[in-house]
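One structure is given below, encoded as structure tokens.
The values are calculated or read from the model by the stated rules, or taken from the named source; none is laboratory data. Only a predicted model underlies this, so the values are computations on that prediction, with no experimental measurement involved. Quick reminder, even Gly has a Cβ in these numbers, built from the backbone with ideal geometry, and neighbours come from all protein chains shown.
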Amino acid sequence: MTDIYSKYGGTPPPSLNEINVDIICPCTDKHIGKYSEQETFLVRETSEQYALVTLLYILSIPARTTQWVYNILEKKNEVERLLYEDPEAAQGFMLHPDLKWDQKQTSEL
């Protein structure tokens, strides 16, 4: 965890099942927006759309906000959570579980 994120687990009576709580302190408006209910969309993106829209957006983001991605890609962080890697240069990828998944409860996957 980091300095502002904490994770707590609890096991209440079986009738209440398991409760997990994430506490963020201090919490900013950005955190509230991130964890608030949001409408979701599925987008099928062509390579041309990626180059003209998505990549330009990624490149416009300050490096400090995307450094965590590069740390994972360079295997500086989250190596123990890497589920699969195809190292092929052009089409390869890494598969990591969501950080919120405990890697135990498949219903939460």
For the range 13-33, enumerate the residues that are more than 17 Å from Lys100 (Cα to Cα), at pLDDT below 75 and outside any helix (DSSP H, G or I). Asn17
Within the range 50-68, can one find any residue that is of a type in the set (Phe, Trp, Tyr) and more than 17 Å from the chain's Cα centre (by Cα)? yes
All but one of (1) at pLDDT below 90; (2) within 20 Å of the chain's Cα centre (by Cα); (3) surrounded by 10 or more Cβ atoms within 10 Å (Cβ to Cβ) hold for Lys100, so report the exception by its number. (3)
Restricting to the range 34-58, name every residue that is over 30 Å from Ser107 (Cα atoms), assigned to a helix (DSSP H, G or I) and of a type outside the set (D, E, K, R). Ser47, Gln49, Tyr50, Ala51, Leu52, Val53, Thr54, Leu55, Leu56, Tyr57, Ile58
